[in-house]
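Remarks on the structure that follows.
The values are calculated or read from the model by the stated rules, or taken from the named source; none is laboratory data. The shown structure was predicted, so the numbers you read here are calculated from the model rather than taken from an experiment. Cβ placement follows ideal geometry from the backbone for every residue including glycine, while neighbour counts extend to all protein chains displayed.
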Amino acid sequence: MSSLAPHVPTSEEVVRKMLELAGLKQGEHLYDLGSGDGRIIIMAARDFGANSVGVELREDLVQYTRRKIEEFGLKDRIRIIHGDLIQADIKDADVVTLYLTTSANEKIVPKLEKELRPGARVVSFCFRMPTWEPIKTLNLDTRTIYLYVLPIVKPAQN
C-alpha cells in the first residue's frame with residue numbers, strides 16, 4: 001500500500017466550511033478518505049450528528065484518531081479504518097470528503113462513480129475531481145472547496 005497524498009492537516013474553520021457546503025445532516029454517513037488525524041470525522045459526528053468513517057493508511061494517525069474519538073466519547077458514532085482508501089467499502093456514504101492531490105482524485109473517480117448512490121455528495125478541498133463539474137464552489141483566501149453530487153455532471157465537450 002502506498003499513500004496517495006501527504007498528511008497536511010486542514011484547519012478547523014475549513015473543515016466546518018466543507019461540512020456546511022456538503023449540507024451534512026444528523027444521522028447521515030460521512031466517509032473521509034485519507035482521514036489523517038481525524039478532525040473531519042470528529043467534527044462531523046460531534047457538531048453535525050453524523051455517523052463518520054475515516055480511512056487512513058498511516059498507523060500512527062489511526063492510533064491518534066482512536067485516542068481522540070475516545071477522548072470525545074464518540075466511539076458509538078465514529079469508526080476509523082486502518083487501510084487503503086481504494087479498498088474501503090463506501091456504498092452507504094451520503095457524503096465523502098477528500099483532501100488529496102489531483103492525481104489521487106483521478107485514481108478514485110472510478111471508485112466513487114461505481115460505489116456511490118445518486119444524491120451522494122463529494123467534497124474536495126483544494127483539488128478538483130478530473131472529468132467532473134462541481135455544482136458549487138466556495139472560494140477561500142487562496143484555496144477552493146468543490147462540491148459534487150452524483151450522478152456526476154461532466155464538463156461540456158467543445
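Tabulated data
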| quantity | calculated |
| --- | --- |
| Qualifying residue in the stretch 101-119 (condition: outside any helix (DSSP H, G or I), under 19 Å from Ile40 (Cα atoms) and not polar (S, T, N, Q)) | no |
| Lone qualifier among Ile90, Ile81 - being in contact with a strand residue (DSSP E or B) (Cβ under 9 Å, 6 or more places away or on another chain) and either in contact (Cβ under 8 Å) with a residue 60 or more places away in the chain or closer than 23 Å to Ser11 by Cα (or both) | Ile81 |
| In the stretch 16-57, the residues that are over 18 Å from Gln87 (Cα atoms), among the polar types (S, T, N, Q) and in contact with a Phe, Trp or Tyr (Cβ under 8 Å, 6 or more places away or on another chain) | Gln26 |
| Strands (runs of 3 or more DSSP E) (entirely within the stretch 28-93) containing at least 1 residues that are basic (Lys, Arg), modelled with pLDDT of 95 or more and more than 20 Å from Phe127 (Cα to Cα) | 78-82 |
| So Leu140, is it over 20 Å from Gly27 (Cα atoms), at pLDDT below 95, surrounded by fewer than 18 Cβ atoms within 10 Å (Cβ to Cβ) and touching a helix residue (DSSP H, G or I) at 6+ places or on another chain (Cβ under 8 Å) | yes |
| Cβ pairs under 7 Å, 6+ apart, first in the stretch 138-158 and among the basic types (Lys, Arg), second at pLDDT below 95 and surrounded by fewer than 17 Cβ atoms within 10 Å (Cβ to Cβ) | Lys154/Thr131; Lys154/Glu133 |
| Count - residues of the stretch 26-42 that are under 15 Å from Arg67 (Cα atoms) and surrounded by fewer than 20 Cβ atoms within 10 Å (Cβ to Cβ) | 2 |
| Single unsatisfied condition, Arg16 versus (1) surrounded by fewer than 23 Cβ atoms within 10 Å (Cβ to Cβ); (2) at pLDDT below 95 | (2) |
